[in-house]
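The values are calculated or read from the model by the stated rules, or taken from the named source; none is laboratory data. Being a predicted model, the structure only gives us computed values, none of them experimental. Cβ atoms come from the backbone with ideal geometry, glycine included; neighbour counts cover every protein chain shown. What goes into the accessible areas is simple: the full protein's heavy atoms, side chains included, and nothing from ligands, DNA or RNA. Shrake-Rupley method; radii C 1.70, N 1.55, O 1.52, S 1.80 Å.
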Amino acid sequence: MSISRNYVKIREEIPKDVTIVLSVKTRTVEQIEEAVDAGVTDIGQNYVQEAGQMYSALQKKAAKVRWHMIGHLQTNKINKALRIFDVIQTVDSLEKAAAIDKRVEKARKKIVSVYVEINIGSEFSKAGIKPAEHEPFEEYIEKLIRDVSELEHIRLEGLMTMGPRFGDPEEVRPYFKRTRRIFERIKGLDLPNVDMKYLSMGMTNSYGVAIEEGSNMVRIGTAIFGKRG
Ligand SMILES: *Cc1c(COP(=O)(O)O)cnc(C)c1O
């Protein structure tokens, strides 16, 4: 099937209030254009450099969509990232949040939306905050969120998680459940400058389970574009 038909099919399949972030790493500009023409509203990129090239090549179409940073953000790339991205989903420490905050003004933006990334499986190979390293984790996250919420040029709007990758997506369900509980807990605190709107979890092999477990933002590449070459 074509990219546009894949997108439309998934869009029709999942609830309206679930945002699809199209994961575009390594894809061509023509492929991304086809998806944007089919109605994609949000684009996710892992690499700042590649995002910059895509943004320029897409010209007017680039400004029609929201850009999400979903890869690890190095401090020396923040300035450039702020020129491209509307949302940074991969904040994993107060230091990173403060580094972003400091540069937002310089980028002549008033505020940037950020999500905290949780490495819910505490996987050594992945980015994000690992529960196993910060028990009791619920308290740790709450403190981090309170600290980040005091930064002036940042608005905390969500949590992001990858979750372990299993052959059977059912196996990731308990990890998504735990992330959802943390999300609801933070939302319930009703902190100033925090607007917990988005729970970003679920990818091609797991978005069905993720939505059942309360995700309202899925990041999908393969199911729309096909396998990466
Ligand atoms: C690549 C990627 C995705 C999309 O993965 P697919 O399996 O291709 O849907 C989602 N989130 C992140 C952080 C990614 O790096």
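Structure notes:
- Rg/Rg_ref, the chain, where Rg_ref = 2.2 N^0.38 Å and atoms are Cα: 0.97
- P(r) histogram, all alpha-carbon pairs of region 167-219 included - 5 Å bins from 0, percent: 4, 23, 28, 20, 12, 8, 3, 1, 0
- Heavy atoms of the protein chains alone define the surface here; on that basis region 126-207 has 49 Å² accessible area per residue at 1.4 Å probe size.
- The orientation-averaged projection of the convex hull spanning the C-alpha atoms of region 34-124 amounts to 6.8 square nanometres.
- Taking Cα centre as origin and charging only the Cβ of basic (Lys, Arg, +1) and acidic (Asp, Glu, -1) residues, the dipole magnitude of the chain rounds to 820 debye.
- By accessible area, using a 1.4 Å probe on protein heavy atoms only, the chain has 48% of its surface on carbon and sulfur.
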